[in-house]
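Take a look at the structure below.
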Amino acid sequence: MTVAAGIGYALLALGPSLSLFVAVISHKPFLILTVLSSTLVWLMSLIVLAGLWRAFLPIKTTSSAWLPYSILLLTSVVFQEGLRLLFWRVYKKLEDILDGFADRVSKPRLFLTDKMQIALAGGLGHGVAHAVFFCLSLLTPAFGPATFYVEKCSQMPFFLVSSIIALAFVTIHTFSMVIAFNGYAEGNRVDQLIVPVVHLIAGMLTLVNLVSGGCIIGIPLLYCMAVFTLLHCGKMVWKRLMETRNRQGNL
Amino acid sequence: MESGDGSILESIGSEIIGVMSPVSICMLLVVLLVYSLTTTSSSTYSAVRTAANLVYLESPADTPTEKLEGALLNALVFVILIALVTFLLVLLYYYRCTNFLKHYTRFSAFFVLSFMGGPIFLTIIQHFNIPVDSITCFILLVNFSILGVLSVFSNGVPILIRQSYMVALGIIVAAWFTRLPEWTTWVLLVALALYDLVAVLAPGGPLKILVELASTREEDLPALVYEARPTTGTNVSGSQGRSSLAGLLVAGMSQNGGGDGSNDRGVELQAVPSSSRTNNGNYWNEGASKRGHLVIHMDNEEEEEEVEVVRDDQEETSPLMARNSRERLGSPVMSGTSNNGNRQMNEIPIVEITRPDRERDGDEMIEAMNGRGIKLGLGDFVFYSVLVGRAAMYDLMTVYACYLAIISGLGCTLILLAVCRHALPALPISIALGVMFYFLTRLLMEPFVVGTSANLMMF
């Protein structure tokens, strides 16, 4: 269609992240750096995955295409969740350095909210990278004078579908990082496991799009996962904040 | 809880952001320029003969080997030219021909802004059908150029304007460089990164000599450099952070320093006539074969506690978009004293670059005198943007990948800078990462991502 449509699609996918960035991240240089580095990590994971799968592409979209695609999604999710563990290790070291530094300049150590903000920034980096590479980079033709429909999902323009899906994934990525970091820090098994499971289910739900007209069912299910992640994250953060507040009150 | 009470997250890394944000803005504008202009009039841009393709003019019909050979020759000639001119300028600086250098640079800045910027503005006006008559356009262009020349040289111009003009110069030159043919661009970028490495690090390298010369003479580096130095004035987030302490210190400085900071600096300038701000066009040769100053240069003055304190405070309170908040007020104080102070290149690890809290712990501030202005050569702006602009001609995906690679390379360079404690070339790491990511994205990632997401598979 036109420039307006292109910008609209881009904002649909990235608008919430943008407002999150402006509201929370942009005041704190360190968080911006976290976002950038986590975006880079995600990009590198994508390049590694692409390198692994380069030989097998393109997969023919026949009726039995769901099998290779599900393997592809499985490997990708497993790889990225492994990377999340690595990210956590690095973050743990960084936290020690930061705390040590805070002691040296006699400033308060990292607050709980600070840690959560770092996790949020890391997750936002992952989410933004996802949206940028899977949605925004295909959006170039949307700025032109036409639009594009895929056969399997003929109800909506392709760009609209992909930005809606990207929005769901941005939400999942952003907040599952908070859940995961909290789970690692607390040693909470449920939180540690829920993140890869949610990611895997969300990835597998996109397989529904292979069926003709599947996006009508797949997208609402995907949004259920996104809302679930959001609610779980909110509940968990609320609980922890209440705990710390009570603890401080008792002191 | 986390914002009001000085968590260290707010202070760490603001210098890095202070350098990264103008670079990002420059790259973004170049990408927009390339994107909006090349789609319509790509044919008219072909076959521009500049110093960068003196030997070989690439044509699409040539075989890859011919292109590669020609591009290598082009890059070789260009780098040799740059090296010669740089040595010449260093020689001139060595013999203190600063007046000549000053006028020469003045001329080249004017040339870039008017004669190279002009066509770009014309293209923009034509492309977007902006209703401007030629006389108005001419007057605007002349005003723009004159203000640019003034801002590059004089000290009376707000630093925000000077920084904006630095970015504008970078954009204009980069936009011209993106008109070079593809192979030549890539080979040229790699060759320049290598040249940068040699010129800054090797003993006897021209830029190394220049930096050392400038620091032994206790002058500013005579160059078109972007100074991410912190200033006081209106801060984005910290109007309350312009606290009593900082205000007190600024006042104290102006008392001690014999009047206003700018007077102070003016005295410095007269004492060292025309050399402290020479901006010898090290970075710009004439017209077509412009190039950049390829040095990242960080200076750190340890002598003056008070100034450092002021600086610390200011730096902390100018977060992400620090450029917006720059004002003139503080910088004369700092540069005036930085001319007094020896330029000691000592840095601490980057994680420790932090400014102590605003108003509460003043003693800490005085102890942690880590204030610094990171300086980034204009050439780095130019060639980063050239890379991204070239990537923009392929696809948006490569643009994002190259942007991330360049920014992370810049981050790595800054961290190295904190470790190595002397001037470092800013191009090699970034260009290497950028080129690598460009080709990885183009060859590996694009089929993968397009293949999956065209089928609405995501993960």
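How large is the dipole of the range B:64-213 about the Cα centre if only Lys and Arg carry +1 and Asp and Glu carry -1, each at its Cβ, rounded to the nearest 20 debye? Charge dipole of the range B:64-213: 440 debye, to the nearest 20.
With both labels modelled 7 Å from their Cα along Cα-to-Cβ, the B:Leu443 to B:Thr65 distance reads 2.0 nm. For the range B:379-427, what log10 I(q)/I(0) values come out of the Debye formula at q = 0.17, 0.19, 0.31 1/Å, with one point per alpha carbon and no solvent? Ignoring solvent entirely, the Cα scatterers give -0.53, -0.62, -1.09.
Amide H contacts of B:Ile374: B:Ala228, each under 5 Å away and 5 or more positions distant or on a separate chain (H built 1.01 Å from N in the peptide plane; Pro and chain starts excluded). Summarised in one figure, the compactness ratio Rg/Rh of the range A:62-165, Cα atoms and Kirkwood Rh, is 1.17.
Can you compute the equivalent ellipsoid semi-axes for chain A, i.e. the square root of 5 times each eigenvalue of the Cα gyration tensor, sorted largest first and rounded to whole Å?
On the way: eigenvalues 243, 78, 62 Å².
Over the Cα atoms of chain A, the ellipsoid semi-axes are 35, 20, 18 Å.
Overall dimensions of the range A:136-201, expressed as equivalent-ellipsoid semi-axes from the Cα gyration tensor (√(5λ), whole Å, largest first), are 36, 12, 6. Other residues with beta-carbon under 15 Å from the beta-carbon of A:Gly203 carry, at +1 per Lys or Arg and -1 per Asp or Glu, a net charge of 0. Using θ = phi - 60° in the Karplus curve 6.51 cos²θ - 1.76 cosθ + 1.60, the 3J(HN,Hα) couplings for the range B:68-84 round to 5, 4, x, 5, 4, 4, 4, 5, 4, 4, 5, 5, 5, 4, 4, 4, 4 Hz; x is entered for Gly and Pro. In straight-distance terms, cross-link reach from A:Lys115 covers every one of the lysines whose alpha-carbon lies under 24 Å from its own, apart from those fewer than eight places away in the same chain; here that gives A:Lys28, A:Lys92, A:Lys93, A:Lys107, A:Lys235, A:Lys239. So, counting K/R as plus one and D/E as minus one, what does the shell of residues with Cβ under 12 Å around B:Val200 add up to? The answer is -2.
Computed with a 1.4 angstrom probe on protein heavy atoms, the A-B interface buries about 5500 square angstrom of accessible area in total. Put a dot 7 Å past the Cα of B:Ile125, heading toward its Cβ, do the same for A:Leu193, and the two dots end up 6.9 nm apart. Working note: Karplus 6.51/-1.76/1.60 with θ = phi - 60° gives the range B:98-104 the couplings 5, 5, 4, 4, 4, 5, 4 Hz, where Gly and Pro are set to x.
Amide H contacts of A:Tyr149 (H built 1.01 Å from N, in plane; Pro and chain starts excluded): A:Phe158 sit under 5 Å, all sequence-distant by 5 or more or on other chains. A simple spin-label model places the labels of B:Val142 and A:Arg104 5.7 nm from each other, with each point 7 Å out along Cα-to-Cβ. Peptide A:41-49 has a mean shielding of 5, counted as Cβ atoms of other protein chains within 10 Å of each residue's Cβ.
Atom-type composition of the exposed protein surface of the range A:112-251 places 69 percent of the accessible area on carbon and sulfur (1.4 angstrom probe).
Note: the range A:122-251, Cα convex hull, 108 Å³ per residue. Hydrophobic long helices, here whole DSSP H runs in chain A with Kyte-Doolittle means of at least 1.0 and Cα atoms spread over 18 Å or more along the helix axis, are found at A:3-20, A:29-53, A:158-186, A:189-205.
When you count the other C-beta atoms within 10 angstrom of each residue and take the mean per peptide, A:189-196, A:174-181 line up highest first as A:174-181, A:189-196.
The values are calculated or read from the model by the stated rules, or taken from the named source; none is laboratory data. Being a predicted model, the structure only gives us computed values, none of them experimental. Ideal geometry is used to build each Cβ from the backbone, glycine not excepted, and the neighbour counts take in all protein chains shown. To get the accessible areas, we keep the full protein, side chains included, count just its heavy atoms, and leave off ligands, DNA and RNA. Shrake-Rupley method; radii C 1.70, N 1.55, O 1.52, S 1.80 Å.
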